[in-house]
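Undergrad: I'd like to ask you about the structure that follows.
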Amino acid sequence: MSYINNLFSLKNRVAVVTGGTSGIGFMIAEAFVKAGAITYVTSRKADECQRVAAELSEHGVCHPLPGDIMSQQGCEAIATAFRESESQLHVLVNGAGCTWGAPIREYPDKAWDKVMGVNVKGAFQLCVALLSELETGASADYPSRVINIGSVHGIAAPEWESYAYSASKAAIHQLTVHMAKRLGKEHILVNAIAPGPFPSRMMDKLIEAEGEGLVAETATGRLGIAEDMAGLSIYLASRASSNITGAIIPVDGGYVTTR
């Protein structure tokens, strides 16, 4: 294997990607499978996990791992199911996410519970549930990785009224930094990707309504594509980034620079 291929290869690395059946999670899961990782995709819908695992298995090794990260019990159930097949974990991607939009005077309490529960609490609790496996998979030479999916809206205020979402993404950025400090001694690196506008189930209606405006608000003049996410996620999961932790990296075409 050439030097460059070795640097970015994920061959035989074991990865779990939550939210891996659609949107950015799917982009990352597909990239990992094609880069050689043994990849588990997680979402609440078992049939979607099965479908995506079968699709991605045409390119490598992918397994379904259905479960609900909304509760501690759900995270522990995912970890228990994972242990039936694997004893170590090298990469955990916390890609599951949700949003909620409503006018400020009508913004409901249940929006905060759901969005913060999935986007922040679920990411933390799944990491804890799989911490022993991340430790087992880690070494000083090749650390394990946690990759949290944040958002540029955790950095710059969005124009639409999605208060819990932007707050949750700022929270996951700070949680990333905090966990990076704590887990570095365990040879576990924790970083966050902050996507700008990408086609996804969460963004499709917004892109349909405001696509030209979103493009105009990027410095590069385009929306994100799967290759953009694949490149950074492989980098953060591979040997190439073995001394990077606590970073929040925008993949936004310069969207933040125009805000």
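Undergrad: Separation between the residue 55 and residue 77 pseudo-spin-labels, each 7 Å from Cα along Cα→Cβ, expressed in nm?
TA: Label at residue 55, label at residue 77, 2.4 nm between them.
Undergrad: Once amide H atoms are built 1.01 Å from N in the peptide plane, which residues 5 or more positions from residue 96, or in another chain, come under 5 Å H to H?
TA: When sequence neighbours closer than 5 places are left aside, the close amide H contacts are 18, 19.
Undergrad: How would 84, 135 line up from fewest to most surrounding beta-carbon atoms within 10 angstrom?
TA: Taking fewest neighbouring Cβ atoms as first place, the list is 84, 135.
Undergrad: Could you give the nm distance between label points at residue 102 and residue 8, where each point is 7 Å from its Cα heading toward the beta carbon?
TA: Distance between the two pseudo-spin positions: 4.5 nm.
Undergrad: OK, next. Please list 8-19, 24-35 highest first by mean number of surrounding beta-carbon atoms within 10 Å per residue.
TA: Taking the mean over residues of other Cβ atoms within 10 Å, the ranking is 24-35, 8-19.
Undergrad: Sorted by mean Cβ packing within 10 Å, highest first, what order do the peptides 100-113, 121-134, 156-169 take?
TA: The peptides rank, most packed first, as 121-134, 156-169, 100-113.
Undergrad: Only four residue types carry charge here, +1 at the Cβ of Lys and Arg and -1 at the Cβ of Asp and Glu. Report the dipole size of the chain about the Cα centre in Debye, rounded to the nearest 20.
TA: 560 debye
Undergrad: If amide H atoms are built 1.01 Å from N in the plane of the peptide, which residues on other chains or at least 5 residues away come under 5 Å of the amide H of residue 61?
TA: 39
Undergrad: While we're on this one: Using a Cα-Cα cut-off of under 16 Å, which lysines could be cross-linked to residue 121, ignoring same-chain neighbours fewer than 8 residues away?
TA: Candidates past the 8-residue exclusion: 110, 169.
Undergrad: Please give the calculated 222 nm ellipticity per residue for the chain, where each DSSP H segment of at least 4 residues contributes -39500 (n - 2.57) and the sum is spread over every residue; nearest 500 deg cm²/dmol?
TA: Helices in the chain give a 222 nm mean residue ellipticity of -12500 deg cm²/dmol.
Read the figures in this text as sums done on the coordinates, not as results from a lab. Only a predicted model underlies this, so the values are computations on that prediction, with no experimental measurement involved. No Cβ is skipped: glycine too gets one built from the backbone with ideal geometry, and neighbour counts run over all protein chains shown.
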